[in-house]
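Notes follow the structure.
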Amino acid sequence: MRTSKHLKATPDDPPSDTAASAPASGRTARWVVFCLDKGRYALPLATVDRIVRAVHVTALPLGPDIVLGAIDVEGRVLPVFNIRHRFRLPERAIDPADHFLIARTAQRTVVLVIDAALGVLERPATAMIDATSIAPDLRHLQGVIQLEDGLVLIHDLEHFLSPDEARQLDEAMNQRGSNAG
């Protein structure tokens, strides 16, 4: 696993409830940092279940464009998000060296295709600059953390899908489930 001097290769402590909360004075927050191409992105540690090697993704024909398909994780069918599409990065096929980041939202557990996990970033919660002060129209962006060697964009999975995409995904997953039985 590649790390920078700002990131721990693995968390030393169990996930903190403060990682998903809004910045508060005196609190420490932890984020799982990952890369796509040369960019660094992160999710609150408390939302991340695990990171695994990429596997074959089964297409969800009725799913929104942001969803590549679905995978089976221990008997649960989970949608795989094409975050390259959302971040306007060049599209590419999933490579065997890629990883899947499995994370939880209030509505569902989801899978993100990432190039690699970089580690856990721990900072005072106040180190995150709120996204509304930078780009108020980007609902999926929670904030930004400035490091000596560049920025880390913190994403909000609760707002990753638009309401239409969420509805379309629910319909595709329900359709897939009714066809499986």
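If a residue has to be more than 25 Å from PHE100 (Cβ to Cβ), without any contact (Cβ under 8 Å) to a residue 12 or more places away in the chain and out of contact with any strand residue (DSSP E or B) (no Cβ under 9 Å at 6 or more places or on another chain) to count, how many in region 134-162 make the cut?
Looking only at that region, the number is 2.
If I filter region 107-125 down to residues being in a strand (DSSP E or B) and in contact with a helix residue (DSSP H, G or I) (Cβ under 8 Å, 6 or more places away or on another chain), which single residue comes out as nearest to GLN146 (Cα to Cα)? So that I can check it myself, show each step before the final result.
Residues of region 107-125 in a strand (DSSP E or B): 109-114, 116-124.
Now restrict to residues that are in contact with a helix residue (DSSP H, G or I) (Cβ under 8 Å, 6 or more places away or on another chain): 110, 112-114, 120.
Numbers: VAL110: 27, LEU112: 23, VAL113: 24, ILE114: 21, VAL120: 15 Å.
That would be VAL120.
Would you tally the residues in region 79-114 being within 17 Å of ASN174 (Cα to Cα) and open to solvent by 10 Å² or more (accessible area, probe 1.4 Å)?
Going through region 79-114 one residue at a time, the tally reaches 3.
Name the residues in region 119-136 that are open to solvent by less than 20 Å² (accessible area, probe 1.4 Å) and of a type outside the set (Gly, Ala, Ser), would you? If you could, list the steps in order and put the result at the bottom.
Within region 119-136, the first condition is being open to solvent by less than 20 Å² (accessible area, probe 1.4 Å), and the residues that meet it are 119-121, 125, 128, 131.
Correct list: VAL120, LEU121, MET128.
Residue by residue through region 52-78, note down the ones that are open to solvent by 60 Å² or more (accessible area, probe 1.4 Å) and assigned to a strand (DSSP E or B).
Taking region 52-78 and keeping what is open to solvent by 60 Å² or more (accessible area, probe 1.4 Å), we get 53, 55-56, 58-59, 61-62, 65, 68, 72, 74-76.
Scanning region 52-78 gives ARG53, THR58, LEU68, ASP72, ARG76.
Do the conditions hold for VAL33, that is, is it out of contact with any Gly (no Cβ under 9 Å at 6 or more places or on another chain) and either in contact (Cβ under 8 Å) with a residue 24 or more places away in the chain or closer than 17 Å to VAL152 by Cβ (or both)?
The answer is no for VAL33.
The values are calculated or read from the model by the stated rules, or taken from the named source; none is laboratory data. This one's a predicted model, so the numbers in the text were calculated from it and none came from an experiment. No Cβ is skipped: glycine too gets one built from the backbone with ideal geometry, and neighbour counts run over all protein chains shown. Just so you know, the surface numbers come from the protein's heavy atoms only, side chains and all, with ligands and any DNA or RNA stripped out. Shrake-Rupley method; radii C 1.70, N 1.55, O 1.52, S 1.80 Å.
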